[in-house]
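One structure below.
The numbers here are math on the coordinates, done by the rules we state, and not lab data. The structure presented is a predicted model; accordingly, all values stated were derived computationally and were not measured. Cβ coordinates were reconstructed from backbone atoms using ideal geometry, including for glycine residues, and neighbour counts include every protein chain displayed.
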Amino acid sequence: MPHFDRFVGVDVSKDHLDAHFLPSGQQLRLANTPQGIALLLRHIGSFEGVACGCEATGGYEEALLIALCEAGLPAYCLHPSDIRTFARLKGKRAKTDRLDAKAIVEALAVAAAHRQPVLRTKQQSTIRELITLRRRLIAMLNELKSLKARMTSLETLMAIDALITVHGEARKQAEAAIAAAIARDAHARQTARRIRTVPGAGPVLAAELIGSMPELGHLSSRQAASLTGVAPHPRQSGTRTGTAGVRPGVPTSGGPSIWRPSPSSAAKASRSPPSI
């Protein structure tokens, strides 16, 4: 693991970036815009020995992470629950943007010693967004089909059928866009090809892994299995020993688990050659 002696924690919202610098204690509020991110990079100054981190916010952090990675700075995206747990451990209950930035940088100083920085590119972010859209469309289609099964009037059924057709076409367009985005990126294309050599792994699982788990290729097979949610975790306390079971992991990039696409496919993939 690299050694860091300076840390920058950033609390990201839709409109603002609240930064906290360690060990100086400097605080800074900037606009969450390309100009604001560029100004943050200038405030950081020398990149040597610096680690930057933020928490996953559902997408508002993407532009910052891409800019940090393009600038060559080690970037970390921490899960919000990890940051809040760390803050509560230190007896901190108050929550403001500035306090959140401080909590992020304090958690970052610990996490950076044990985790690999995230990898973000514009193309990978595009794939990630398209996958999110596909998930949402599938959820809406399932909801519409469930609703249709409970309706009886002809007018209602016709309206639902029309919506199902529209959303179905949108899903096909999203899947075509995902395939095209992967094809345009050499690294993503090679990763997808390797994933699909595993029995049970198809284009959906390959796209989910590429978009939701950018750490792929930089993890051991055990770490990858744990993050995908197919590695058994022991449950033992005192004299009680529970059965080891699997549960979805949380990628170190702070994003959602990829357990949803296909647990069986992910399980087969976890037994794949280490080259994947």
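Quick notes on this one:
- Backbone HN-Hα couplings from phi across region 114-127 [Karplus 6.51/-1.76/1.60, Hz, Gly and Pro as x]: 10, 10, 8, x, 7, 10, 10, 10, 4, 5, 5, 5, 4, 4
- Among 45, 71, 28 the positive-end extreme of the charge dipole of region 18-100 (Cβ point charges): 28
- Given +1 at the Cβ of Lys and Arg, -1 at the Cβ of Asp and Glu and no other charges, the dipole of region 4-128 around its Cα centre is 320 debye to the nearest 20.
- Amide H partners (placed H, <5 Å) of residue 76, local residues excluded: 52, 53, 54, 118
- Around the amide H of residue 216, modelled in the peptide plane, lies no amide H under 5 Å away from a residue 5 or more places distant or on another chain.
- A simple rule links phi to the HN-Hα coupling: the Karplus curve 6.51 cos²θ - 1.76 cosθ + 1.60 with θ = phi - 60°, which for region 63-76 gives 4, 5, 5, 4, 5, 4, 5, 5, 7, x, 8, x, 10, 10 Hz, with x for Gly and Pro.
- Förster-model FRET efficiency, 41 Å R0, residue 180 and residue 35, C-beta, rounded to 0.05: 0.85
- Label point distance in nm, residue 121-residue 162, each placed 7 Å from Cα along Cα→Cβ: 4.3
- Note on residue 172: lysines with a C-alpha under 22 Å away, same-chain residues under 8 apart excluded, are 145, 148.
- Pairs of Cα atoms in region 35-95 fall into 5 Å distance bins, from 0 up to the last occupied one, in shares of 4, 16, 23, 20, 15, 15, 7, 0 percent.
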